[in-house]
1. Mind listing which trypsin sites (Lys or Arg not before Pro) in region 17-75 are in a DSSP loop and have 13 or fewer other Cβ atoms within 10 Å?
2. List the GluC sites (Glu not before Pro) in region 35-92 that DSSP assigns to loop (not H, G, I, E or B) and whose Cβ has at most 13 other Cβ atoms within 10 Å. Which are they?
3. Using the Karplus curve 6.51 cos²θ - 1.76 cosθ + 1.60 with θ = phi - 60°, what ³J(HN,Hα) values do you get for each residue of region 63-78, in whole Hz, with x for Gly and Pro?
Amino acid sequence: MGNVRRHSGGTLAHHRGRADNSYMTPKALRDEILRLPPDERLQLVEDIWDSLAADAGQIPVPDWHKRELDRRATNPSPQHITSEELHARLNRSE
């Protein structure tokens, strides 16, 4: 994707092969990302997701998420299935 820079406001700037000191606004960055081919956008999403997973301890979890997770752990829904059951069901439908 070229060089990616971060300025003090946290906005990333994307420069295809250019080494300059200009920065993109969030809207300009979004517009540039949306012009990328689908495979490059998908790779960018994967890279962003991986970076979030690496910093998971720094991502705040809202109290309502915690309460919902506690509720589900205490009272699991009969609609939930294991990943093994999901795979079995998907394999049956092929």
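Please treat every number below as a calculation from the coordinates, not as lab data. A quick note: this is a predicted structure, and the numbers were derived from the prediction, not measured. Backbone-built Cβ (ideal geometry, glycine too); neighbour counts: all protein chains shown.
1. Taking region 17-75 and a limit of 13 other Cβ atoms within 10 Å, the loop trypsin sites (Lys or Arg not before Pro) found are Arg18, Arg35.
2. Numbers: sites: Glu40, Glu46, Glu68, Glu84, Glu85; in loops: none.
Within region 35-92, no GluC sites (Glu not before Pro) qualify (loop, at most 13 other Cβ atoms within 10 Å).
3. 4, 5, 5, 4, 4, 5, 5, 4, 4, 5, 5, 6, 10, x, 6, x
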